[in-house]
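Quick notes on the structure that follows.
The values are calculated or read from the model by the stated rules, or taken from the named source; none is laboratory data. Note that the structure is predicted; figures quoted are calculated from it, not measured. Here the Cβ is made from the backbone with ideal geometry for all residues, glycine too, and neighbour counts use every protein chain on show.
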Amino acid sequence: MKTAILLVALGLLLYRIPVRLEDKIPVVAYHYLATPQEIEQYEGSRLRYTVTTEVFEKHLQYLAEQGFYTISPEQLMAFSRLTGRAGEAPADLPPKPIIITFDDGTADFFNYAYPLLKRYGMSAYVFLIAAKENAPGYISNEQAREMAGSGMYIGSHSLTHRDLTEISEEELEKELFLSKELLENRLGLRVDLFSIPLGVYNERVLLAARRAGYRAIFTSDYDVFSFRNGDLSKIPRLAVKVEDKSLRTKLTIGSVMMGKIYYGLTGLFKSMLGFQRYQELRKTVIRFLDMIVTSEQSRPAGSWKLN
Ligand SMILES: [Zn+2]
């Protein structure tokens with residue numbers, strides 16, 4: 001009993017202690033924003049990866065109060081040159097650097113996140129799915145061009161958003177190279193940031209992405225990016241989900257540790273099973289858990305008690 005209390009107390013304490021950021025850049029990964037009314041309609045993975053506009057604004061307020069500064073890709077590149085010289089930061093790097101990323105390029109970024117980011121004088125890296133050019137519900141060419149001219153950085157999130165580890169060399173080439181070329185032609189700017197779709201990759205994918213000309217590749221591995229091992233070809237991120245109401249908590253030792261365990265395990269399953277089979281297994285487990293919870297609730301109160 002005592003051990004359990006001690007463990008809980010230690011756990012709670014770890015959720016209070018911030019991660020040491022001296023030699024690190026936190027890269028936070030968002031997907032979707034919604035108003036509190038809209039989020040009521042969401043379910044499944046869309047809901048899991050959505051935060052409300054109110055929560056997002058609170059996150060930005062926290063970053064502003066704490067003096068965080070959203071850095072550009074050029075500043076990120078400068079940071080990475082320090083590999084092996086831990087403890088030193090380049091002169092042009094602000095004291096509290098951070099990177100905000102958004103995957104998938106849905107219209108809610110333009111409608112909600114972009115105005116809030118501008119209001120707080122912050123930037124974000126926005127990763128577009130190239131085949132969704134002007135598709136309903138996604139950022140349009142015109143919007144992307146406007147944002148690129150107003151401090152947002154546009155990257156590729158592949159051509160069609162599929163598991164890159166399970167496709168042929170030729171298809172992989174399309175996902176990486178063609179998406180880059182299409183976005184560059186559409187937007188009239190250089191696209192050298194890439195975010196891996198579905199969080200599944202292997203050495204072959206990383207190599208192909210570098211060959212396609214990407215200078216920074218963002219994964220869904222869960223960690224704070226550190227320049228002690230600052231490998232720009234697989235930058236870990238801190239995925240923000242519906243339950244993440246506070247960025248302060250997100251940047252604590254406890255939260256990062258738990259995230260690493262959770263994403264480490266799901267990553268292992270994804271690479272063992274492939275993304276498709278992982279999703280099926282996940283759905284079955286959720287259905288099973290749902291069944292247990294529902295049958296618990298529908299049981300008459302107290303019927304299982306002995307007295
Ligand atoms: Zn995605």
Quick one: is Val191 within 30 Å of Thr52 (Cα to Cα), in contact (Cβ under 8 Å) with a residue 40 or more places away in the chain, in contact with a strand residue (DSSP E or B) (Cβ under 7 Å, 6 or more places away or on another chain) and part of a loop (DSSP other than H, G, I, E, B)? no
Looking at segment 241-263, which of its residues are assigned to a helix (DSSP H, G or I) and exposed (fewer than 13 other Cβ atoms within 10 Å of the Cβ)? Ile261, Tyr262
(1) surrounded by 21 or more Cβ atoms within 10 Å (Cβ to Cβ); (2) away from the ligand (no atom under 16 Å from the Cβ); (3) over 18 Å from the mean Cα position of the chain (by Cα): which one isn't true of Phe225, the others all being true? (3)
Scan segment 37-67 residue by residue and report those that are under 30 Å from Arg287 (Cα atoms) and of a type in the set (A, V, I, L, M). Ile39, Leu47, Val51, Val55
Qualifying positions in segment 166-175 - surrounded by 16 or more Cβ atoms within 10 Å (Cβ to Cβ) and more than 15 Å from the ligand (Cβ to nearest atom): Leu172, Lys174
Scan segment 198-222 and report the pairs whose first residue is of a type in the set (Phe, Trp, Tyr) and whose second residue is in a helix (DSSP H, G or I) and within 14 Å of the ligand (Cβ to nearest atom), with Cβ atoms within less than 9 Å and a gap of 6+ or a chain change. Tyr201/Leu164
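Can you go through Gly149, Gly137 and tell me which one is surrounded by fewer than 15 Cβ atoms within 10 Å (Cβ to Cβ) and away from the ligand (no atom under 16 Å from the Cβ)? Walk me through it before giving the result.
On the way: Gly137 fails: away from the ligand (no atom under 16 Å from the Cβ).
After applying the criteria, what remains is Gly149.
Name the residues in segment 192-211 that are within 16 Å of the ligand (Cβ to nearest atom) and either under 25 Å from Ser72 (Cβ atoms) or of a type in the set (Lys, Arg) (or both), would you? Explain how you work it out, then say what you get.
If we filter segment 192-211 for residues that are within 16 Å of the ligand (Cβ to nearest atom), which is where we start, we get 193-201, 205, 209.
Leu193, Phe194, Ser195, Ile196, Pro197, Gly199, Tyr201, Ala209, listed by residue number.
Working only within segment 14-47, note down all residues that are free of Cβ contacts under 8 Å to residues at least 24 places away in the same chain and farther than 17 Å from Asp108 by Cβ. Explain how you work it out, then say what you get.
Here is the first cut: in segment 14-47, the ones free of Cβ contacts under 8 Å to residues at least 24 places away in the same chain are 20, 36-38, 40-46.
Of everything in segment 14-47, just one residue is free of Cβ contacts under 8 Å to residues at least 24 places away in the same chain and farther than 17 Å from Asp108 by Cβ, namely Arg20.
Could you check, for segment 206-218, whether at least one of its residues is part of a helix (DSSP H, G or I), at pLDDT 85 or above and exposed (fewer than 13 other Cβ atoms within 10 Å of the Cβ)? If you could, list the steps in order and put the result at the bottom.
If we filter segment 206-218 for residues that are part of a helix (DSSP H, G or I), which is where we start, we get 206-211.
Those still in the list that are at pLDDT 85 or above too: 206-211.
Imposing the further condition that a residue be exposed (fewer than 13 other Cβ atoms within 10 Å of the Cβ) reduces the set to 207, 211.
Yes - at least one qualifying residue is present in segment 206-218.
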Among the residues of segment 213-221, is there at least one that is out of contact with any Cys (no Cβ under 6 Å at 6 or more places or on another chain) and farther than 19 Å from Ala29 by Cβ? yes
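Sort out which residues of segment 152-165 are within 16 Å of the ligand (Cβ to nearest atom) and either part of a helix (DSSP H, G or I) or touching a helix residue (DSSP H, G or I) at 6+ places or on another chain (Cβ under 7 Å) (or both), and write them in order of number. Break it down stepwise before answering.
Here is the first cut: in segment 152-165, the ones within 16 Å of the ligand (Cβ to nearest atom) are 154-165.
Those that are within 16 Å of the ligand (Cβ to nearest atom) and either part of a helix (DSSP H, G or I) or touching a helix residue (DSSP H, G or I) at 6+ places or on another chain (Cβ under 7 Å) (or both): Ile154, Ser156, His157, Ser158, Leu159, Thr160, His161, Arg162, Asp163, Leu164, Thr165.
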Selected residue [more than 16 Å from the ligand (Cβ to nearest atom) and either farther than 23 Å from Ile98 by Cα or crowded, with 18+ Cβ neighbours inside 10 Å (or both)] from Gly11, Gly44: Gly11
Within segment 22-42, track down each residue that is touching a Phe, Trp or Tyr at 6+ places or on another chain (Cβ under 9 Å) and part of a loop (DSSP other than H, G, I, E, B). Asp23, Pro26, His31, Thr35, Tyr42
Of the residues in segment 123-134, those that are at pLDDT 95 or above and either within 14 Å of the ligand (Cβ to nearest atom) or of a type in the set (D, E, K, R) (or both) come to Tyr125, Val126, Phe127, Leu128, Ile129, Ala130, Ala131, Lys132
